[in-house]
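Participant: Before I ask anything, let me first share the structure, which is written out below as structure tokens.
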Amino acid sequence: MHKCLSINEIFCVVCEHLSSSGPSAESGALVALAATCRDFKEPALDVLWAELDHLGPLIMALPEDWWEMEWDLDDEGDEERLLIIRRPLGRKQWDRIRYYSARVQSLEHNDRVQHKFFERISSSAFTSLSFPPHPSSLFPNLVRLQWKDTREEVYSFLRVMLGPSLRELHMDLPLIDNPSSSKVARSFLHSIGTLCPSLRILCINGPHDHPDYEDAVSDLVLSLGQLTELRCGFLNLVAFSHLNSLQSLSILSVIASRGQDYSALPEFSVFSDMLELSLRTFGSLEDLMPLLQRFPRHPPFSMFCARRCTVAEARRFLAYLVNVSNSERSGITIDVQGGDMDWHGQHLFLSFRDIQPLSKFKNLEILVVAAGVPISLDDGDVMAIASYWPRLRVLNLCGLTGCGGLSRVTLKGLLALLKYCQYLHFLWIAFDPRPREGLSRGRPGGGVINGLAMLDVGDSPIDDPTAVAMVLSDVCPRIERLGGWSETTWGYDAAHVEEQRAKWKEVESLLAAYTAIRKQERLWARMEVKGKLANNV
């Protein structure tokens with residue numbers, strides 16, 4: 001071998017190049033390098049073990065007589081295959097595990113594992129891995145960890161797994177009705193700040209509506225001074241005051257508690273430089289206001305989620321956003337799971353007049369007004385939306401519940417929206433495709449092709465799936481998913497809902513076929529033109 005190839009940096013470049021060739025090519029070529037060339041062995045192993053989808057490979061790196069598959073019953077009584085460690089690990093086995101674990105930089109582990117030989121790693125295996133003979137971290141170079149396993153036995157293992165190298169942690173918390181697991185999880189939360197003092201990104205998912213978790217997560221946040229991103233549940237006032245001192249924080253997602261007196265907090269001066277803010281509540285949309293008012297300046301992207309909302313609350317919330325927000329917003333999301341069901345009557349729905357003041361934000365790329373209440377729009381309103389925000393990538397004006405039959409948007413209005421918002425990728429809108437007068441038979445969109453990938457039509461009525469599919473296949477040939485009538489809550493008859501849902505499913509199935517036909521026809525047309533030009537020459 002040439003002397004220049006003995007330079008370690010060149011080995012690393014070759015291995016990294018192989019790793020970018022795709023999953024199948026990567027493992028085969030790198031394994032071959034590690035097995036056949038002594039000089040390439042270490043760099044190849046570093047790349048092979050840099051990212052793990054689960055802990056199975058680490059256990060299976062032990063000699064085969066130390067592990068096996070075992071059948072057991074899961075919580076629902078179904079059979080599952082477990083990966084188990086057969087007997088206690090000795091020093092040689094620990095050295096072998098550390099030989100590979102020291103190379104891992106990113107690990108994602110779920111309770112259920114996608115592997116051809118087993119579905120789950122046994123709890124006893126985690127217990128066996130929880131007592132290494134070395135006092136230092138078992139994964140000394142781990143930078144990112146995503147952990148979605150909440151069994152009681154895993155937390156002892158996590159304590160020996162984490163170390164000062166960790167910068168990003170995503171983890172789930174067990175349900176509070178599992179007292180043994182939740183108690184151990186809360187104890188583990190208190191130790192994270194000591195184990196990982198340089199943590200930058202912390203995302204905690206789970207049952208946030210319990211005061212014990214609120215205290216544990218708040219104490220954890222207080223121990224971290226370099227956070228750039230925090231996503232969690234409830235925080236107490238002391239934790240919020242600590243966050244206000246962090247110059248590094250740019251992304252914050254928390255749940256607002258109705259039991260906290262946020263008026264006792266000063267205005268969040270540091271948060272004026274944030275990039276993303278997400279506030280959630282288990283109550284009404286207006287329950288977010290006391291905490292939201294602590295932010296003198298809103299970041300470019302904001303998300304507000306609630307369980308319920310009335311039309312009056314939605315109007316007040318929209319008006320507040322317009323009055324206090326800066327004009328540099330790039331995204332607004334209002335997502336309410338359930339709205340005011342008693343909306344029948346005058347003015348008990350949102351109109352374009354309620355949304356129009358948002359035109360103050362000229363650079364919106366994401367606009368979601370799924371407030372759980374009906375929105376009444378027509379073609380003129382949709383064209384105005386297209387003129388206000390031509391850069392939109394995500395637009396949601398009906399959520400999954402639809403507009404209660406109040407939408408007067410037709411196919412013409414939809415086509416105009418797709419024509420002027422060329423960057424739209426995801427769209428939720430209720431419209432009436434039944435009036436089709438004035439649309440061209442050959443090219444109903446006038447030759448405009450939009451890159452839309454997902455369309456949800458809410459409670460849009462439909463009569464002829466074939467005609468609608470013909471129009472959409474011409475304008476939106478890249479649609480990958482089309483949905484509708486999935487969570488309608490406006491009192492429609494069940495049989496009618498099923499009928500409409502089936503017709504939109506038919507549209508979705510026809511889209512792919514019609515799009516392929518149109519593509520072939522255009523290819524033939526181009527070939528015909530080229531042939532005529534060649535004959536003229």
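Participant: Using only Cα atoms and rounding to the nearest 10 degrees, what angle (0 to 90) does helix 179-195 make with the longest principal axis of the chain?
Facilitator: With both axes taken from Cα atoms, the answer is about 80 degrees.
Participant: Report the full-extension gain for the segment Ala384 to Leu348: residue separation times 0.36 nm, less the Cα-Cα distance, to one decimal in nm.
Facilitator: Gain on stretching Ala384 to Leu348: 10.7 nm.
Participant: Once you place label points 7 Å from the Cα toward the Cβ at Arg144 and Ser241, how far apart are they in nm?
Facilitator: 3.6 nm
Participant: I've got another one for you. Carbon and sulfur together cover what percent of the accessible area of the stretch 158-273 at a 1.4 Å probe radius?
Facilitator: The C+S portion of the solvent-accessible surface of the stretch 158-273 is 50 percent.
Participant: Probe radius 1.4 Å, ligands and nucleic acids ignored: give me the carbon and sulfur share of the accessible area of the stretch 497-537 as a rounded percent.
Facilitator: Whole-percent figure for carbon plus sulfur exposure: 61.
Participant: OK, next. So what's the angle, to the nearest 10 degrees on a 0 to 90 scale, between helix 465-475 and the longest Cα principal axis of the chain?
Facilitator: Once rounded, the angle reads 70 degrees.
Participant: On to the next question. If packing is taken as the average count of other Cβ atoms within 10 Å, what order do 292-300, 127-135 fall into, highest mean first?
Facilitator: Highest to lowest by the protection proxy: 292-300, 127-135.
Participant: When Lys and Arg each count +1 and Asp and Glu each count -1, what net charge do the other residues less than 15 Å away from Leu237, Cβ to Cβ, add up to?
Facilitator: Charge balance near Leu237 sits at -3.
Participant: Take every Cα-Cα pair in the stretch 374-536 and report what % of them are more than 27 Å apart.
Facilitator: Summing the P(r) tail past 27 Å for the stretch 374-536 gives 24 percent.
Participant: Between Ser248 and Arg391, what's the calculated FRET efficiency when r is the beta-carbon distance and R0 is 41 Å? Round to 0.05.
Facilitator: Efficiency for this residue pair is about 0.90.
Participant: So how do 396-409, 254-267 stack up, highest first, on mean other-Cβ count within 10 Å?
Facilitator: In descending order of packing, they fall as 396-409, 254-267.
Participant: Can you match Cα extents along the principal axes in Å to one of these, [x] 79, 78, 52; [y] 87, 58, 48; [z] 73, 57, 53, based on a calculation from the structure here?
Facilitator: The value computed from this structure is option [x].
Participant: Here is a follow-up. Wrap a convex hull around the Cα atoms of the stretch 201-311, take a quarter of its surface area, and give that in square nanometres.
Facilitator: 6.5 nm²
Participant: Moving on. Based on the Cβ-Cβ distance of Ala312 and Ser187, what FRET efficiency does E = 1/(1 + (r/R0)^6) give at R0 = 41 Å, to the nearest 0.05?
Facilitator: Efficiency, from the Cβ-Cβ distance: 0.35.
Participant: Residues of the chain: accessible area per residue at 1.4 Å, in Å²?
Facilitator: 47 Å²
Participant: Separation between the Met69 and Gln422 pseudo-spin-labels, each 7 Å from Cα along Cα→Cβ, expressed in nm?
Facilitator: 5.3 nm
Participant: Moving to a separate point now. What is the magnitude of the charge dipole of the stretch 374-536 about its Cα centre, with +1 placed on the Cβ of each Lys and Arg, -1 on the Cβ of each Asp and Glu, and no other charges, expressed in debye to the nearest 20?
Facilitator: 1060 debye
Participant: Of all beta bridges DSSP finds with both residues in the chain, what is the antiparallel percent, to the nearest 5?
Facilitator: Antiparallel bridges make up about 10 percent of those DSSP assigns within the chain.
Participant: Would you mind checking which residues have amide H under 5 Å from Ile334's amide H? H placed 1.01 Å from N; only 5 or more apart, or other chain.
Facilitator: When sequence neighbours closer than 5 places are left aside, the close amide H contacts are Phe304, Val368, Val369, Ala370.
Participant: If you don't mind, another one. Quick check for me: using +1 on Lys/Arg Cβ and -1 on Asp/Glu Cβ, what's the dipole size of the chain about its Cα centre, in debye to the nearest 20?
Facilitator: 2060 debye
Participant: For the chain, take the longest principal axis of its alpha carbons; what is the angle in degrees between that and the long axis of helix 311-324, to the nearest 10 within 0 to 90?
Facilitator: That works out to roughly 70 degrees.
Participant: Taking the Cα-to-Cβ direction at Gln114 and at Glu528 and moving 7 Å from each Cα, how far apart do the two end points lie in nm?
Facilitator: According to this spin-label approximation, the distance is 4.5 nm.
Participant: Related question: Across the stretch 206-262, what fraction of all alpha-carbon pairs, as a whole percent, falls in each successive 5 Å bin from zero upward?
Facilitator: Using 5 Å bins, I get a P(r) of 4, 19, 34, 27, 13, 3 for the stretch 206-262.
Participant: Computed FRET efficiency, Cβ-Cβ of Arg159 and Ile517, R0 60 Å: what is it to the nearest 0.05?
Facilitator: The pair Arg159/Ile517 has a calculated efficiency of 0.50.
The values are calculated or read from the model by the stated rules, or taken from the named source; none is laboratory data. These figures come from a predicted structure and were not determined experimentally. Backbone-built Cβ (ideal geometry, glycine too); neighbour counts: all protein chains shown. Each accessible area value is taken on the protein alone, full model and side chains, heavy atoms only, with ligands, DNA and RNA left out. Shrake-Rupley method; radii C 1.70, N 1.55, O 1.52, S 1.80 Å.
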